[in-house]
Amino acid sequence: MSADLATPTLGRGLVIAAAAVLVLVGMHLASSLIVLIVFSLLVTLLLAPLQRRLMARGMASSVALLICLATYIVVLAIAALSSS
């Protein structure tokens, strides 16, 4: 019986292929959401050191966060203005 589990069958291959297709279709349908999540993670990773440095200088975390957000908005505005 263990030999039957070890040998690949056509049915098992079709199930794996169908699962892969479903995952890819799901990723395609959710691509706009996935892009937003990945972009948000990137921005968070880029601004975290700035916030840590500001907090190390004795600034409150909320003020440091507002400065980081303002920096992010300014960078986006400069990028938008330079591309048009």
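Checking Leu36, Leu22, Leu41 one by one, the residue that is within 24 Å of the chain's Cα centre (by Cα), in a helix (DSSP H, G or I) and modelled with pLDDT of 95 or more is Leu22 and no other. Being touching a residue at least 12 places away in the same chain (Cβ under 8 Å) and either hydrophobic (A, V, I, L, M, F, W, C) or assigned to a loop (DSSP other than H, G, I, E, B) (or both) is the filter here; which residues of region 49-58 pass it? Leu50, Leu54 - these are the residues of region 49-58 that are touching a residue at least 12 places away in the same chain (Cβ under 8 Å) and either hydrophobic (A, V, I, L, M, F, W, C) or assigned to a loop (DSSP other than H, G, I, E, B) (or both).
Residue under question is Pro8, and the condition is that it be exposed (fewer than 11 other Cβ atoms within 10 Å of the Cβ) and not in a helix (DSSP H, G or I); does it hold? So that I can check it myself, show each step before the final result.
Working: exposed (fewer than 11 other Cβ atoms within 10 Å of the Cβ): yes; not in a helix (DSSP H, G or I): yes.
Spelling it out, Pro8 is indeed exposed (fewer than 11 other Cβ atoms within 10 Å of the Cβ) and not in a helix (DSSP H, G or I).
Residue pairs whose Cβ atoms lie under 9 Å apart, sitting 6 or more positions apart in sequence or on different chains, and linking a residue in region 32-48 that is more than 19 Å from Ser62 (Cα to Cα) to a partner that is in a helix (DSSP H, G or I) and modelled with pLDDT of 85 or more, are Ile34/Met27.
The values are calculated or read from the model by the stated rules, or taken from the named source; none is laboratory data. None of these values were measured; they are calculated from a predicted model. Note that each Cβ is placed from the backbone with ideal geometry, even for glycine, and that neighbours are counted across all protein chains shown.
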